[in-house]
Amino acid sequence: VCRSNKSPWVCLTCSSVHCGRYVNGHAKKHYEDAQIPMTNHKKTEKQEKVQHTVCMDCSSYSTYCYRCDDFVVNDTKLGLVQKVREHLQNLENSAFTSDRHRKRKLLENSSLNSKLLKVNGSTTALCATGLRNLGNTCFMNAILQSLSNIQQFCCYFKELPAVELRNGKTAGRRTYHTRSQGDNNVSLVEEFRKTLCALWQGSQTAFSPESLFYVVWKIMPNFRGYQQQDAHEFMRYLLDHLHLELQGGFNGVSRSVILQENSNLSASNKCCINGASTVVTAIFGGILQNEVNCLICGTESRKFDPFLDLSLDIPSQFRNKRTKNQESGPMCTLRDCLRSFTDLEELDETELYMCHKCKKKQKSTKKFWIQKLPKVLCLHLKRFHWTAYLRNKVDTYVEFPLRGLDMKCYLLEPENSGPESCLYDLVAVVVHHGSGVGSGHYTAYAVHEGRWFHFNDSTVTLTDEETVGKAKAYILFYVERQAKPGAEKL
């Protein structure tokens, strides 16, 4: 219908081929059109069977049922689905198809070569790879692109050995990820590694993270379906599950052992969250000190809490200021948000502190100090707030520095830190466009080899610092500046 060669889906009832739900959704329209005659006439037993509900992705060979709105693993008693797969694989391996793939590769390379940039007068190729939207998966794409530009974190995964999850009769054969399969035969770490390897290699303009998406569906039920999700919530689930899986290891080899052997991540930089340290806690892990003081007897309670990111409120006095150029009132800055997070605060009636000396809940004050800063400081601005009936978005512009974010004044013991150890430079920003958490669109800005890029699903464009600075940030990723001998403090 639309002459697209992206994501072809074949109807297993009539063999017609349409574009899948990730393109223009003509396969879905084919299914819907097939249902219309049945509502007007009395269904016969024969008509009952011909419903065009099941189709197969010609690229991944996964099977999808529109009636169930889900990928399925079931086959017929005669194994007809597997026969279609084998037939498609034979076509793929034929000389005709090989020739077609070669022509397609030439076209891809020519389109890639035409995508050139002028930097300092010389022409260079744009090697950035976008991520295809698989149906409201921009929340996932924005986080993946951000993490792929955190060099130390990304390089660790790219250097991991590939994990072979299959053996015996199934070795070398393609796996078809569906929700029905058990969790023991999928690896989030492996699919995350493959996705990171596909980015920045410059061989394609866009990559489809289908395998990773299927694994996410399996092990994170919250993200099943095709509705819009919260990018921050996804990032936390992703990091937590990567952390847990890295501790477990595969094929009898614990990946935390690989971490311990990595000279770049010394023991002094580790921060344990839920067990042994991994690259997740070594890079993103910091420690907060939570001080609570009873206002009746003065008893002080201290608790240390590990964190992977800090969620900051946008102070209420700034919540009406929407743009950087709006003149009414002072500009909200990231420092205002950090100060609001760390300032002494009196707990309200719903958060009374159980004082061990008074033996009852009492009024108290709370204050946060940062006891240990992470290598990568992830700051989440709380833009979504629940009201009695709905979740509102705070659309306030928050000014943030691209270089030299100084965290020294929020440290518990600033005197023990070096002159450069508290300075952070921005490496990535996730932005939410739209008015609600369940709607809108996510994109990301990230810096790679000194150049800023804008990642909008499959589209990647070169941008500048001024454009990045005007963004209404939702999640900010800052990398600890490496101390250089004789370097001046910005």
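The values are calculated or read from the model by the stated rules, or taken from the named source; none is laboratory data. Computed from a prediction, not measured in an experiment: that's the story for all the values here. Cβ atoms come from the backbone with ideal geometry, glycine included; neighbour counts cover every protein chain shown. To get the accessible areas, we keep the full protein, side chains included, count just its heavy atoms, and leave off ligands, DNA and RNA. Shrake-Rupley method; radii C 1.70, N 1.55, O 1.52, S 1.80 Å.
Being at pLDDT 90 or above, open to solvent by less than 20 Å² (accessible area, probe 1.4 Å) and under 17 Å from Gln228 (Cα atoms) is the filter here; which residues of the range 423-456 pass it?
Within the range 423-456, Val430, Val431, His432, Tyr442, Thr443, Ala444 qualify.
In the range 360-409, how many residues are among the aromatic types (Phe, Trp, Tyr) and open to solvent by 30 Å² or more (accessible area, probe 1.4 Å)?
Number of matching residues: 4.
Which one is modelled with the lowest pLDDT, of the residues in the range 74-95 that are among the aliphatic types (A, V, I, L, M) and open to solvent by 70 Å² or more (accessible area, probe 1.4 Å)?
The selected residue is Ala95.
For Gly329, only one of the following conditions fails: (1) at pLDDT below 85; (2) not in a loop (DSSP other than H, G, I, E, B). What is its number?
Condition (2) is where Gly329 drops out.
Quickly run through the range 464-482 and pick out the residues that are crowded, with 18+ Cβ neighbours inside 10 Å and of a type in the set (Asp, Glu).
Result: Glu480, single match.
Starting from residues that are at pLDDT below 90 and aromatic (Phe, Trp, Tyr), keep the ones in the range 368-414 and report whichever is nearest to the chain's Cα centre (by Cα).
Among residues in the range 368-414 that are at pLDDT below 90 and aromatic (Phe, Trp, Tyr), the one nearest to the chain's Cα centre (by Cα) is Phe384.
How many of the residues making up the range 179-198 are at pLDDT 90 or above and either under 14 Å from the mean Cα position of the chain (by Cα) or in a loop (DSSP other than H, G, I, E, B) (or both)?
7
Would you check if there is a residue in the range 205-221 being more than 25 Å from Tyr66 (Cβ to Cβ), at pLDDT below 90, crowded, with 16+ Cβ neighbours inside 10 Å and touching a helix residue (DSSP H, G or I) at 6+ places or on another chain (Cβ under 7 Å)?
yes
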